[in-house]
Amino acid sequence: MTQHFEVKPMTPTIGAEIIGLDLTQPMTDEAFEKLHTAFLDRKVLFFRDQDLTLDQHKDFGRRFGNLHVHPASSPFKQDGVEHPEILFLHADENTTRTAGDTWHSDVSCDPEPPMASILRLVKIPPSGGDTLFASMSAAYDALSEPMKRYLGDLTATHDGTENYSDRAKRRDGVITNRVYPRNTHPIVRTHPETGEKALYVNTAFTSHINDVPKPESDAILAYLYQHISNVAFQCRFQWTQNSIAMWDNRSTLHHAMWDYFPNIRSGFRVTVQGDKPV
């Protein structure tokens, strides 16, 4: 069976909408190879009108690798069945902070951060709630050659403690002694499949650059955060019900806009295990 679909670029730099592919149906190897190529090339893929079950969602993620379990979440339950690989994301009139409302790469504090995330929204606000994505390989390419050389051998610490302990306090109402991941990664990582170099720092998890004075670390990170916010590196996705976004955490950052309070925005995410950044 041949599965035909279109890969429609969102911008010259990043993102593509996949038109004509039904993810509720088994995918042929030929279709998967085409999709995988598009994923590596465009870095973020978007699908509309995908009414997946949780098992279908997980099965789609498993085509790309083993699934990751979030270090700060509790297993999601549906009809009495636990789905530890599913992260339920929800915001409403009682929400005081959303996890994704800053530029970040998912769970970059892990020793082997997830390579991909696949999010399906099932409830969307009347307006707002868009997600922005930015190519970190484009951001790296746009740096000056002296800055590339300076960053080339540096590492940074990625710490989940502040982010996740605050999330747990808001969810459970108490501060726990739970230990969250804290790891060191290169500031410039090399994509294991494409060989592209990409910046690998973000405001959610990167605490400091290692082996340099704090003022220097603060100044360099501030410059990099300003640099990666350039709209030339970005695309923006306006969600509809049962839309899916799939992004490459190895070469992108994303920012989920929280501009829809007090309306509801909710959905389900699976992440695919990655490898140690080098």
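The values are calculated or read from the model by the stated rules, or taken from the named source; none is laboratory data. This structure is a prediction, so every number in the text was calculated from the model and none was measured. Ideal geometry is used to build each Cβ from the backbone, glycine not excepted, and the neighbour counts take in all protein chains shown.
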Considering only residues of the stretch 155-181 that are among the small types (Gly, Ala, Ser) and at pLDDT below 55, which is farthest from the chain's Cα centre (by Cα)?
-> 173
Determine if the stretch 125-146 includes at least one residue that is out of contact with any helix residue (DSSP H, G or I) (no Cβ under 8 Å at 6 or more places or on another chain), among the charged types (D, E, K, R) and either part of a helix (DSSP H, G or I) or closer than 19 Å to residue 39 by Cβ (or both).
-> yes
Would you check if there is a residue in the stretch 205-224 being without any contact (Cβ under 8 Å) to a residue 40 or more places away in the chain, out of contact with any strand residue (DSSP E or B) (no Cβ under 9 Å at 6 or more places or on another chain) and among the aliphatic types (A, V, I, L, M)?
-> yes
Could you list, in sequence order, all residues of the stretch 1-48 that are in contact (Cβ under 8 Å) with a residue 60 or more places away in the chain and over 18 Å from the mean Cα position of the chain (by Cα)?
-> 11, 23, 48
Taking the stretch 231-278 and keeping only residues that are out of contact with any Lys or Arg (no Cβ under 9 Å at 6 or more places or on another chain), buried (at least 21 other Cβ atoms within 10 Å of the Cβ) and over 26 Å from residue 141 (Cα atoms), one is left with 271
Mind listing just one residue for me: the one in the stretch 88-124 that is part of a loop (DSSP other than H, G, I, E, B) and touching a Ser or Thr at 6+ places or on another chain (Cβ under 6 Å) and, of those, nearest to residue 158 (Cα to Cα)?
-> 106
Residues 131, 102: which one is within 24 Å of residue 264 (Cα to Cα), under 13 Å from the mean Cα position of the chain (by Cα), at pLDDT below 95 and β-branched (Val, Ile, Thr)?
-> 102
Which ones in the stretch 28-68 are surrounded by fewer than 16 Cβ atoms within 10 Å (Cβ to Cβ) and of a type in the set (A, V, I, L, M)?
-> 40
Going by the structure shown, is residue 212 out of contact with any helix residue (DSSP H, G or I) (no Cβ under 6 Å at 6 or more places or on another chain) and either in a loop (DSSP other than H, G, I, E, B) or aliphatic (A, V, I, L, M) (or both)?
-> yes
Enumerate the pairs (first residue in the stretch 54-75 and without any contact (Cβ under 8 Å) to a residue 60 or more places away in the chain and more than 13 Å from residue 117 (Cβ to Cβ); second residue anywhere and outside any loop (DSSP other than H, G, I, E, B) and among the charged types (D, E, K, R)) with beta-carbon separation below 7 Å, excluding pairs fewer than 6 apart on the same chain, so at least 6 apart or on different chains.
-> 75/82
Confirm whether residue 79 is charged (D, E, K, R) and under 22 Å from residue 194 (Cβ atoms).
-> no
Can you confirm whether the stretch 80-87 contains a residue that is closer than 30 Å to residue 181 by Cα, assigned to a strand (DSSP E or B) and in contact with a helix residue (DSSP H, G or I) (Cβ under 8 Å, 6 or more places away or on another chain)?
-> yes
Could we say that residue 70 is under 26 Å from residue 192 (Cβ atoms) and assigned to a helix (DSSP H, G or I) here?
-> no
Restricting the stretch 257-278 to residues that are of a type in the set (Val, Ile, Thr) and assigned to a strand (DSSP E or B), the residue that is nearest to residue 86 (Cα to Cα) | 270
